[in-house]
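As structure tokens, the structure follows; a few thoughts come after it.
The values are calculated or read from the model by the stated rules, or taken from the named source; none is laboratory data. The shown structure was predicted, so the numbers you read here are calculated from the model rather than taken from an experiment. No Cβ is skipped: glycine too gets one built from the backbone with ideal geometry, and neighbour counts run over all protein chains shown.
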Amino acid sequence: MSVRRAAYAVAGLALAFVVLAPLTSIDAAQQAGLPLLTDKLWFRIATTVAMFVVMASAWNIIGGLTGYASFGNVAFFGLGAYTAGVVVTNLGLPFALALVLAPLVAAAFAVIVGIPLLRLRGHYFAVATLGVGVAVGEVVNNIEPLGAATGLFLPIVRSDLLFFYLMLGAALLAVLTTWVILRTRFGYGLLAIRENEEAAAVIGVNTTFYKVAAFCIAAALTGIAGAIFAQWNSFINQDNAFAISDNVQMILMAVIGGTGTVLGPVAGAISLELIIQTLAGGGSGSVFSQIGLGVLLAVCVIFIPRGVIDFFGGRSKLSLRYFRQTLRETSA
Amino acid sequence: MSLLAVREVSKRFGGVKALAGVSFEVEQGDVMGVIGPNGAGKTTLLNCISGLYRPDTGDIRWETTSIRGLAPYRIARLGIGRTFQIVRPFPSMTVRENTAMGALFGRPGARLQPGAALSEADTVLDVVGLGEKRYYPVLRLTVPDRKRLEVARALAMRPRLLLLDEVMAGLNQVEIEQALEMVRRVRDSGVTIVLIEHVMKVIVGVCKRALVLNFGRTLVEGPPAEVLKDRRVIEAYLGQRYARDQER
């Protein structure tokens, strides 16, 4: 119990630091003589972590709560990014409008592909969505007004602070959305679908509507992250907007953190992204780091399949018994 | 006007005709038993009524309207609850939460909120005799208790018609008595029941009428005591030779 308290305290302090530290970089704070707690690299990493918190949390809504493991969520990210690109660069309209339109475009796309694809289950759904994710990127890569293979440039906005807070806001929105969903009738419906879809249907859950709605919410949140990324990075193309590595990462983060929970994807996104960032600078050793990351993932999935949140969540102790029990309960 | 009318319903899976024109009616307050050998089409019939399957031909009427081909959730909200022969609980939830799901989604009119649904679940769990185990995770329940939970979840919807698919299968004598008592309580509360059962004691003990299916067709329909003595029924279950020997 005290471990849990301590974990909350540490998490609270860390959150306070993350929210307040960037303020030391504004001019007024510097003139007042406050120590600079953040630099360019700090902002880059923190913004990236927040971005993955959005994506992992959004994935959790369809993959974790509803039980439909989508492998194509990167399409929503890319569509959000390109919506921002079109609004800002092609149409010359303000970025704020892109922030509104991006989730709508992504959600509309989720309805169109969701209605046919959400009839599939398990591996079939996974493979079909993977196909969609790759296909959308390829299509965008061949449309001339979208810059085709060259990509799309957005006017550069130099403000680390702005993009950090935007992404942090999106992350909080994603976490809050999950929290609210889990407390409503809608959330219970999603859980029922995950646990047994036919049983859910015969007790009166409109399964098609619920699944498509969950997919839409996930898409909208991911689309917002995409739009912010586009303006932040000021350059988008198939490789960075529809990155397969992002697609895989958001799923791993949600799974390692703990699917179906509010804070699991957050914990997963923070820990995994920090590990990746640490290993990235390794030079020739980075190959071994990559292998190490792979091994870590395998170990996590086998021994703590309910995620680190469950593992450190107070319900369990660091013991062999915990490993044995989860192994027994989660292996078919 | 009958509560439920099944008219000439047939359903085919590839070359197998699971249902080949079954007709029957259920009156308000009836307890109707559906029996028949394995593969006779009993569960297929229930799946057609609850909307999991769409009948190939024929019609299913609920009071005055046709419910053929309606989505399962719509049929559920009309007031038709069902259980599954192979139990399908929501495994990560407690007994109480499982039951509350029925109240949360199955009510035709009122949209209950989670809190109200949970207290409704408490009432229903007492009816089926799971009151003391309401905080158990379902994975800790025994088979008879899981069957009770299926019934509880369906009852929480406050259905007007309850379809029970072999809720007594695999139970011992004492458990069957308890389950029979439960079915009677449900009947007395005004719920119309259609139940599939292999345990003849149940059919005789609680049903007003029995419908015998064989190869997807109605073989005999009538009061249980008469139906079970019918030569055609004995033939279907035990073979022609056994039926002949019995008559001698």
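With respect to A:Ile193, is the statement that it is of a type outside the set (Gly, Ala, Ser), farther than 30 Å from A:Asp160 by Cα, part of a helix (DSSP H, G or I) and within 14 Å of chain B (Cβ to nearest Cβ) true? Lay out the reasoning, then the answer.
Values: of a type outside the set (Gly, Ala, Ser): yes; farther than 30 Å from A:Asp160 by Cα: yes; part of a helix (DSSP H, G or I): yes; within 14 Å of chain B (Cβ to nearest Cβ): yes.
For A:Ile193, the condition - of a type outside the set (Gly, Ala, Ser), farther than 30 Å from A:Asp160 by Cα, part of a helix (DSSP H, G or I) and within 14 Å of chain B (Cβ to nearest Cβ) - is met.
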Please give the helices (runs of 4 or more DSSP H) falling wholly within the range A:1-112 in which 3 or more residues are farther than 22 Å from A:Leu161 by Cβ, out of contact with any Leu (no Cβ under 6 Å at 6 or more places or on another chain) and modelled with pLDDT under 85. A:2-20
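What are the residues in the range B:119-142 that are closer than 17 Å to B:Thr83 by Cα and among the polar types (S, T, N, Q), if any? If you could, list the steps in order and put the result at the bottom.
We begin by selecting, within the range B:119-142, every residue closer than 17 Å to B:Thr83 by Cα; these are B:121, B:124-125, B:127-130, B:138, B:141-142.
Matches in the range B:119-142: B:Thr142 only.
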Of the residues in the range B:65-79, those that are within 9 Å of another protein chain (Cβ to nearest Cβ) and over 17 Å from the mean Cα position of the chain (by Cα) number 2
Show the residue pairs that are 6+ apart or on different chains and have beta-carbon atoms under 8 Å apart, the first residue being within the range B:160-183 and on the phi > 0 side of the Ramachandran plot, the second being assigned to a helix (DSSP H, G or I) and surrounded by fewer than 19 Cβ atoms within 10 Å (Cβ to Cβ). B:Gly170/B:Val143
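Could you tell me whether the range A:117-127 includes any residue that is in the same structural domain as A:Ile228 (by TED's automatic domain parsing), of a type in the set (Val, Ile, Thr) and over 25 Å from A:Phe95 (Cβ atoms)?
Here is the first cut: in the range A:117-127, the residues in the same structural domain as A:Ile228 (by TED's automatic domain parsing) are A:117-127.
Cutting the leftovers down to of a type in the set (Val, Ile, Thr) gives us A:127.
Adding the requirement that they be over 25 Å from A:Phe95 (Cβ atoms) leaves A:127.
For the range A:117-127, residues in the same structural domain as A:Ile228 (by TED's automatic domain parsing), of a type in the set (Val, Ile, Thr) and over 25 Å from A:Phe95 (Cβ atoms): present.
What do you reckon, is B:Arg82 among the charged types (D, E, K, R), at the interface with chain A (Cβ under 7 Å from one of its Cβ atoms) and either surrounded by fewer than 20 Cβ atoms within 10 Å (Cβ to Cβ) or under 24 Å from B:Ile196 (Cα atoms) (or both)? I'd like the intermediate steps shown before the answer.
Numbers: among the charged types (D, E, K, R): yes; at the interface with chain A (Cβ under 7 Å from one of its Cβ atoms): yes; either surrounded by fewer than 20 Cβ atoms within 10 Å (Cβ to Cβ) or under 24 Å from B:Ile196 (Cα atoms) (or both): yes.
In short, yes.
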Consider the range A:121-168. How many of its residues are outside any helix (DSSP H, G or I) and either modelled with pLDDT of 90 or more or polar (S, T, N, Q) (or both)? 3
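Filtering the range A:180-190 down to residues that are in a helix (DSSP H, G or I) and out of contact with any Leu (no Cβ under 9 Å at 6 or more places or on another chain), which residue is nearest to the other protein chains (Cβ to nearest Cβ)? Working first, answer last.
Step one: filter the range A:180-190 for residues in a helix (DSSP H, G or I), giving A:180-181, A:185-190.
Checking the rest, the ones that are also out of contact with any Leu (no Cβ under 9 Å at 6 or more places or on another chain) come to A:180, A:186.
Working: A:Val180: 13, A:Phe186: 10 Å.
Among those residues, the one meeting the criterion is A:Phe186.
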Hey, among the residues in the range B:163-210 that are in contact with a Pro (Cβ under 6 Å, 6 or more places away or on another chain) and within 17 Å of B:Val87 (Cα to Cα), which one's modelled with the highest pLDDT? B:Glu175
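Quick one: is A:Arg185 touching a helix residue (DSSP H, G or I) at 6+ places or on another chain (Cβ under 7 Å), basic (Lys, Arg) and without any contact (Cβ under 8 Å) to a residue 12 or more places away in the chain? Walk me through how you get there before you give the answer.
Numbers: touching a helix residue (DSSP H, G or I) at 6+ places or on another chain (Cβ under 7 Å): yes; basic (Lys, Arg): yes; without any contact (Cβ under 8 Å) to a residue 12 or more places away in the chain: yes.
Answer is yes for this residue.
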Quick count over the range A:232-246, residues being within 12 Å of the chain's Cα centre (by Cα) and modelled with pLDDT of 85 or more, is 0
Say we look at the range B:137-146 and pick out the residues that are assigned to a helix (DSSP H, G or I) and more than 14 Å from chain A (Cβ to nearest Cβ); which of these is farthest from B:Val191 (Cα to Cα)? B:Val143
Looking only at the range B:100-136, filter to residues that are within 13 Å of chain A (Cβ to nearest Cβ) and in a loop (DSSP other than H, G, I, E, B); which one of those is surrounded by the most Cβ atoms within 10 Å (Cβ to Cβ)? B:Arg107
Is it true that B:Leu45 is surrounded by 19 or more Cβ atoms within 10 Å (Cβ to Cβ) and in a helix (DSSP H, G or I)? yes
Touching a residue at least 60 places away in the same chain (Cβ under 8 Å) and among the polar types (S, T, N, Q) - does that describe any residue in the range B:60-71? yes
Whether any residue in the range A:280-292 is over 30 Å from B:Pro89 (Cβ atoms), at pLDDT below 90 and either of a type in the set (Asp, Glu) or not in a helix (DSSP H, G or I) (or both) is what I want to check. yes
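Can you tell me which of B:Pro55, B:Pro89 is assigned to a loop (DSSP other than H, G, I, E, B), buried (at least 21 other Cβ atoms within 10 Å of the Cβ) and more than 12 Å from chain A (Cβ to nearest Cβ)?
Details: B:Pro89 fails: more than 12 Å from chain A (Cβ to nearest Cβ).
So the residue among B:Pro55, B:Pro89 that is assigned to a loop (DSSP other than H, G, I, E, B), buried (at least 21 other Cβ atoms within 10 Å of the Cβ) and more than 12 Å from chain A (Cβ to nearest Cβ) is B:Pro55.
Could you check how many residues of the range B:58-86 are among the small types (Gly, Ala, Ser), in a loop (DSSP other than H, G, I, E, B) and in contact with a Lys or Arg (Cβ under 8 Å, 6 or more places away or on another chain)? Steps first, please.
Taking the range B:58-86 and keeping what is among the small types (Gly, Ala, Ser), we get B:58, B:66, B:69, B:71, B:76, B:79, B:81.
Now restrict to residues that are in a loop (DSSP other than H, G, I, E, B): B:69, B:71, B:79.
Now restrict to residues that are in contact with a Lys or Arg (Cβ under 8 Å, 6 or more places away or on another chain): B:69, B:79.
The number of residues fulfilling the criteria is 2.
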Out of all the residues in the range A:200-219, which are at the interface with chain B (Cβ under 9 Å from one of its Cβ atoms) and buried (at least 24 other Cβ atoms within 10 Å of the Cβ)? A:Ala200, A:Ala201, A:Val202, A:Ile203, A:Gly204, A:Val205
Would you check if A:Thr129 is surrounded by 15 or more Cβ atoms within 10 Å (Cβ to Cβ) and within 23 Å of A:Tyr68 (Cβ to Cβ)? yes
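Going through A:Val54, A:Val88, A:Val74 one at a time, which residue ends up being more than 16 Å from the chain's Cα centre (by Cα) and assigned by TED's automatic domain parsing to the domain that holds A:Met250?
On the way: A:Val54 fails: more than 16 Å from the chain's Cα centre (by Cα); A:Val74 fails: more than 16 Å from the chain's Cα centre (by Cα).
Every option except A:Val88 fails the conditions.
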